[in-house]
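The next block holds one structure in the form of structure tokens; read it before the comments.
Derivation of every value follows stated rules applied to the coordinates shown; laboratory data play no part. Being a predicted model, the structure only gives us computed values, none of them experimental. FYI the Cβ positions are ideal-geometry reconstructions off the backbone, even for glycines, and counts take in every protein chain you see.
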């Protein structure tokens, strides 16, 4: 007789939510909202709303997409479009948030912002080499046993990080630097604060990460004793709501803190400098140590999730290479890329994000709401086909000047601005994708009616 399946306790849900939080919340999740607060100034509220759409709501939908479709990773989300598309999409997502950009950024941000200010100038390049080697060595070690990832991230690293972060919040709001409603607004945020906040949310990479982390979270949920797919899906969704809601609250606190900091500091070039200014203001020289610890902890939790998700998904689809071999490969490649430096990584990651985010958004939405059209591949194909050209144009427009300001780049951008609504906002894909959805749904309806009519005729003949 089969025993009834275990029911997860509240503590189990908290552990899974903590795992998700740790996987999502990296250095970018600290520095981008803080910098957004400085950019938006008094207009922090609409900018915050836009940021929460792409940095909280969309990643939550990504988790729900994994849960609703009983998927275990990126491949399953793209599977309605065929095996080749699903495999290419999986490789591009993992490469972008993995060893090409996302994972190396976890080391370079924590080093550049937290550690570098404490080093002598002649130690800087060698310091990054040593720090990144130790950093990815630790990520490899913590990810080595798949079943131990939940313990490493959810039970150990997160609590330490959160205690430090909320100590910063406590002091910052107990002694506010200024009134956020009275701060200067940069030109871009005077009229377009919501849309600029929306696009800033891309930088967190969390919508892409939500798809990639699916296999890690599902593995962790099953490790707690759940086997039934429906129960695993519900547990994943519930933990996703808990984790992303908590992340949203932290974003709000960071954005307001960033806006308040303008009362004492000029607009910083990026969020790492802004965070350094804030902790130095409140804690003096000791602030550097607090900042370095905060960034290293949160970056390490994200790095653990990224290298593990890469290794799990690639082992699943290329099983001749073991999980640990894939883990070693992605850790080593991330170490190499990290040593190109933070500026180069960010400069070349933005074009890939502008290319992949439209596909991710439409696939997430169709996965969540796909029951309405029975996940018909026809709808998927038409929507993705209509999204492709605008996504490619967005990518070219976001490339560094050597590409975007070339004759070809300028010609493509001119075409994009002339023919695609909202292209100037970085949303040139929106209208084509909507048109593709309408066409796809019409095609699905026609196909369904024809199949129903044919079945009725056959029934009458029999």
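Things worth noting here:
- Relative exposure of 105, 324, 449, judged by other C-beta atoms within 10 Å (fewest first): 449, 324, 105
- Compared with the dominant Cα axis of the chain, that is its longest principal axis, helix 271-283 is turned about 40°.
- In terms of other Cβ atoms within 10 Å, 374, 288 run from fewest to most in the order 374, 288.
- Crossing angle, helix 10-24 versus the chain [Cα axis fit, 0-90 degrees, rounded to tens]: 70 degrees
- Helix 58-68 axis, angle to the chain major axis (alpha carbon atoms, nearest 10°): 40 degrees
- Size of the stretch 326-369 as Cα extents on the principal axes (Å, biggest first): 41, 26, 10
- Our summary gives the chain a relative contact order of 29 percent, counting only alpha carbon pairs under 8 angstrom and 6 or more residues apart.
- Euclidean distance of C-alpha centroids, the stretch 396-453 and the stretch 4-50, integer Å: 30 Å
- Prolate/oblate/rounded call for the stretch 10-140, Cα gyration tensor, a/c under 1.5 rounded: oblate
- C-alpha center-to-center spacing [the stretch 249-287, the stretch 334-369] in angstrom: 26 Å
- Going from the fewest other Cβ atoms within 10 Å to the most, the residues 44, 348, 123 appear in the order 123, 348, 44.
- CD proxy at 222 nm, helix term only [per DSSP H run n ≥ 4: -39500 (n - 2.57); per residue of the chain; nearest 500]: -23500 deg cm²/dmol
- Pairs of Cα atoms in the chain fall into 20 Å distance bins, from 0 up to the last occupied one, in shares of 24, 56, 18, 2, 0 percent.
- Note on residue 316 and residue 70: their simple-model spin labels are 1.4 nm apart, each label 7 Å out from Cα toward Cβ.
- For the stretch 26-166, the relative contact order is 13 percent, taking Cα pairs closer than 8 Å that sit 6 or more residues apart in sequence and dividing their mean separation by the residue count.
- Sequence-separation-based contact order of the stretch 39-103, relative, with Cα cut under 8 Å and 6+ spacing, percent: 15 percent
- For q = 0.13, 0.14, 0.22, 0.24 Å⁻¹, Debye-computed log10 I/I(0) when each Cα of the stretch 183-291 counts as one equal scatterer: -0.71, -0.78, -1.22, -1.34
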